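Before any comments, here is the structure.
The values are calculated or read from the model by the stated rules, or taken from the named source; none is laboratory data. Please read all numbers here as calculations on a predicted model, not as lab measurements. Positions of Cβ are generated from backbone atoms using ideal geometry, with glycine treated the same way; all protein chains shown enter the neighbour counts. Remember, those area values only see protein heavy atoms, side chains included, never the ligands or the DNA or RNA. Shrake-Rupley method; radii C 1.70, N 1.55, O 1.52, S 1.80 Å.
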Amino acid sequence: MSVGVAGCNMVPLRAMRGIMRLKGSCSCGAVKFSLDSHTPYPYMRCYCSICRKTQGGGGYAINIMGETKSFKLTGEKNVSVYRARVAEGKGKRKTLSAARRHFCSKCGSALWLWDPRWAEWVYPFASAIDTPLPKPLEEVEIMVDYAAPWAEIPKGPAHTRFAEYPEEGIADWHRKRLLDVP
């Protein structure tokens, strides 16, 4: 059954039987991982400086969510963790983020984010996923107030923009469009 992969129509995942198993890896192949996802549509693009500098380009970060309990990893010795320093509110003081960005220590590929505040979830970066992902019919551009001056941010009816983080989370976005698997 089609789930919107490569030119197919977007079909609600609820029509499928089961959760989508995602497999991912780094560029050099030293790290491989897999996890189950209820929310596999890579619909969100982040333009913050952390995503831009750790992943290159626009970022395309935290837009997929998977279950920590289903997470499997090979090549753990090649995984390093980066914790960004983020500004508190409107102030200039920066503190260490609770979020842990995992990347391959051999090739530098950004792989996933994990945050102890939401320990039951792992947030793989769409760029690291090898499984064909369903293509969303609409996209959300976030943190556009932090975009690099050279970045072209898509416009039009299929693109919603937010200056910072939206209120609607990953699970909410999928649920509202009947694209999650309960």
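Here are some notes:
- Of everything listed in (1) modelled with pLDDT of 90 or more; (2) farther than 13 Å from Arg21 by Cα, the single unmet condition for Ile62 is (1).
- Every pair of residues 6+ apart whose Cβ atoms lie under 9 Å, when the first sits in segment 36-48 and is farther than 13 Å from Pro154 by Cα and touching a residue at least 24 places away in the same chain (Cβ under 8 Å) while the second is outside any strand (DSSP E or B) and of a type in the set (Ser, Thr, Tyr): Asp36/Ser70; Ser37/Ser70; Pro40/Thr131; Pro42/Tyr60; Pro42/Ser127; Cys48/Tyr146
- Considering residues of segment 140-157 that are aliphatic (A, V, I, L, M) and not in a loop (DSSP other than H, G, I, E, B) only, the residue most open to solvent (accessible area, probe 1.4 Å): Val144
- Filtered residue count, segment 71-100, keeping only those that are touching a Ser or Thr at 6+ places or on another chain (Cβ under 7 Å), under 15 Å from Ile50 (Cβ atoms) and at pLDDT 95 or above: 2
- Residue in segment 62-71 that is over 29 Å from Gly29 (Cα atoms) and among the acidic types (Asp, Glu) present: no
- Segment 130-182, residues that are closer than 22 Å to Pro40 by Cβ and basic (Lys, Arg): Lys135, Arg175, Lys176, Arg177
- Some residue of segment 165-172 being surrounded by 14 or more Cβ atoms within 10 Å (Cβ to Cβ) and in a helix (DSSP H, G or I): yes
- Some residue of segment 156-175 being at pLDDT 90 or above, more than 17 Å from the chain's Cα centre (by Cα) and closer than 20 Å to Lys53 by Cα: yes
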